[in-house]
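Okay, so here's the structure we're looking at.
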Ligand SMILES: Nc1ncnc2c1ncn2[C@@H]1O[C@H](COP(=O)(O)OP(=O)(O)O)[C@@H](O)[C@H]1O
Ligand SMILES: CC(=O)OP(=O)(O)O
Ligand SMILES: [Mg+2]
């Protein structure tokens with residue numbers, strides 16, 4: 001019988017699910033991938049890939065919210081006659097959930113009642129992410145009673161960050177009591193990147209040093225030394241560090257009190273399960289590329305910037321400015337012993353102009369691009385775009401958080417089943 005793993009990645013505006021067969025001992029085999037996006041700007045749209053069946057941008061009129069999206073996805077998968085390994089919800093052995101904020105958890109855990117409540121409490125710290133993911137955990141629990149629900153934390157990869165790098169210079173009694181420290185996120189992606197880059201360089205992960213940039217709707221940088229996170233740009237919450245689609249990234253913490261007098265008041269988008277302040281609402285959802293340019297699509301921003309659009313040029317230049325700040329800082333943290341600078345995430349993988357601008361400014365450190373390869377990196381999980389003979393490598397990595405969950409789940413399946 002196939003061992004079916006569902007890897008679920010609930011974003012603020014989309015739900016992505018990949019289906020794997022992990023019966024063989026090697027890598028899990030992807031059987032299908034499905035995505036419902038546009039949940040915050042209806043109608044939602046469907047994308048589905050299985051074998052030779054490809055659906056692109058089909059509108060879904062009645063699908064609302066994360067739970068609605070998951071219901072639709074489960075129905076679509078179980079009713080697809082071409083996907084014979086998954087005909088009934090009971091066929092699913094593991095449901096892997098990407099949970100962005102995992103607090104002090106440093107490894108995946110089977111979700112029982114206690115873990116669930118603990119994760120609910122962490123929702124305030126990742127307001128764009130955790131609450132939606134937990135809605136789906138509940139839906140799987142109700143609709144797929146035979147599946148083991150496993151939480152994979154985006155913060156877990158960063159458990160190795162050194163004490164000075166993760167400590168804020170505030171009263172340590174309060175910091176300890178309230179868990180106020182740097183946690184860091186995009187860890188599933190960084191785990192995938194580390195594993196894949198090490199394999200490409202034919203080095204053990206424990207000897208791999210990289211500066212990795214995960215640039216998607218949320219963007220972050222990570223300093224990876226000997227295969228482990230040594231520092232990252234996100235902090236207590238995913239708001240810190242680089243700007244994002246709707247996030248400000250780092251600002252002077254006092255700024256918000258000059259921006260609005262209502263900073264501490266509860267935002268109207270708070271729900272009974274999640275309370276967020278007006279300050280958090282503004283900095284997480286009403287900032288970033290959207291307010292600077294009117295679009296969250298960095299592909300559009302890049303091409304308009306190249307045509308001279310001033311707002312887009314400013315947004316582009318802001319990102320380059322912040323990125324080189326982290327690249328420079330992490331270069332020093334690694335003592336210049338850097339195997340490669342790695343670009344990943346939608347903007348990292350598709351943004352040739354962005355990569356060129358960043359590498360141009362990092363040339364003084366020994367990074368040089370092969371222009372042709374940068375324009376057309378070609379197919380592959382990890383592709384080199386560095387110039388022959390350049391002191392440090394430059395790579396593009398097609399990162400995949402779902403594959404990372406499924407791989408870890410298949411590897412540790414028996415242990416995870418018993419990890420309640
Ligand atoms: N040609 C491009 N150049 C730069 N960025 C792009 C391009 N095409 C898409 N993008 C960016 O990739 C982002 C999506 O990245 P992705 O990693 O898929 O996001 P998410 O964090 O939502 O999973 C889009 O929001 C868009 O800004
Ligand atoms: C942690 C985070 O910001 O995730 P995403 O980029 O998927 O929004
Ligand atoms: Mg993402």
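If you go through the range 53-82 and keep only what is crowded, with 21+ Cβ neighbours inside 10 Å, more than 26 Å from residue 186 (Cα to Cα) and in contact with a strand residue (DSSP E or B) (Cβ under 6 Å, 6 or more places away or on another chain), you end up with just 63.
Residue 162: within 16 Å of ligand 3 (Cβ to nearest atom) and closer than 23 Å to residue 126 by Cα, yes or no?
Judged against the criteria, residue 162 is not a match.
Can you confirm whether the range 155-168 contains a residue that is closer than 23 Å to residue 20 by Cα, in a loop (DSSP other than H, G, I, E, B) and at pLDDT 90 or above? No, the range 155-168 contains no residue that is closer than 23 Å to residue 20 by Cα, in a loop (DSSP other than H, G, I, E, B) and at pLDDT 90 or above.
For the range 32-49, a residue qualifies if it is touching a helix residue (DSSP H, G or I) at 6+ places or on another chain (Cβ under 9 Å) and modelled with pLDDT of 95 or more, and the qualifying residues are 32, 33, 34, 35, 36, 46, 48.
Taking into account only those residues within the range 280-289 that are in a helix (DSSP H, G or I) and modelled with pLDDT of 95 or more, which is surrounded by the most Cβ atoms within 10 Å (Cβ to Cβ)? Let's see the steps before the verdict.
Step one: list which residues in the range 280-289 are in a helix (DSSP H, G or I), which gives 280-285, 288-289.
Within this subset, residues satisfying the condition of being modelled with pLDDT of 95 or more are 282-283, 288-289.
Numbers: 282: 18, 283: 22, 288: 25, 289: 27.
Once the filter is applied, the top-ranked residue is 289.
Quick one: would you say residue 272 is farther than 28 Å from residue 175 by Cα, more than 16 Å from ligand 1 (Cβ to nearest atom) and outside any strand (DSSP E or B)?
No, not satisfied.
Residues that are within 16 Å of ligand 2 (Cβ to nearest atom) and in a loop (DSSP other than H, G, I, E, B) within the range 12-30 comprise 12, 13, 14, listed in sequence order. Which of the residues that make up the range 103-129 are without any contact (Cβ under 8 Å) to a residue 60 or more places away in the chain and under 22 Å from residue 217 (Cβ atoms)? Those that are without any contact (Cβ under 8 Å) to a residue 60 or more places away in the chain and under 22 Å from residue 217 (Cβ atoms): 119, 122.
Could you check, for the range 119-131, whether at least one of its residues is at pLDDT below 95, away from ligand 2 (no atom under 16 Å from the Cβ), under 30 Å from residue 77 (Cα atoms) and in the same structural domain as residue 107 (by TED's automatic domain parsing)? So that I can check it myself, show each step before the final result.
Going through the range 119-131, the residues at pLDDT below 95 turn out to be 119-131.
This time we only want the ones that are away from ligand 2 (no atom under 16 Å from the Cβ), so: 120-121.
Next, only the ones that are under 30 Å from residue 77 (Cα atoms) stay: 120.
The next check asks that each one be in the same structural domain as residue 107 (by TED's automatic domain parsing); those that pass are 120.
Yes - at least one qualifying residue is present in the range 119-131.
No other residue among 344, 340, 362 is out of contact with any helix residue (DSSP H, G or I) (no Cβ under 6 Å at 6 or more places or on another chain), surrounded by 18 or more Cβ atoms within 10 Å (Cβ to Cβ), closer than 17 Å to residue 223 by Cα and modelled with pLDDT of 95 or more apart from 340. Of the residues examined, residue 206 is not one that is modelled with pLDDT of 95 or more, assigned by TED's automatic domain parsing to the domain that holds residue 359 and either part of a strand (DSSP E or B) or within 16 Å of ligand 1 (Cβ to nearest atom) (or both). Looking at 2, 43, 89, just one residue is away from ligand 3 (no atom under 16 Å from the Cβ), within 25 Å of residue 146 (Cα to Cα) and surrounded by fewer than 18 Cβ atoms within 10 Å (Cβ to Cβ), and that residue is 2.
Just to check your reading of the model, which residue among 9, 104 is part of a loop (DSSP other than H, G, I, E, B) and either loosely packed, with under 14 Cβ neighbours inside 10 Å or within 16 Å of ligand 3 (Cβ to nearest atom) (or both)?
Values: 9 fails: part of a loop (DSSP other than H, G, I, E, B).
104 is the lone residue from the list that is part of a loop (DSSP other than H, G, I, E, B) and either loosely packed, with under 14 Cβ neighbours inside 10 Å or within 16 Å of ligand 3 (Cβ to nearest atom) (or both).
The condition (being within 16 Å of ligand 3 (Cβ to nearest atom) and part of a helix (DSSP H, G or I)) is satisfied by just one residue among 123, 189: 189. Across the range 195-231, the qualifying residues are those that are within 16 Å of ligand 3 (Cβ to nearest atom) and within 12 Å of residue 334 (Cβ to Cβ), and the one among them that is surrounded by the fewest Cβ atoms within 10 Å (Cβ to Cβ) is 212.
The values are calculated or read from the model by the stated rules, or taken from the named source; none is laboratory data. If you're wondering where the values come from, they're calculated on a predicted model, not measured in any experiment. Backbone-built Cβ (ideal geometry, glycine too); neighbour counts: all protein chains shown.
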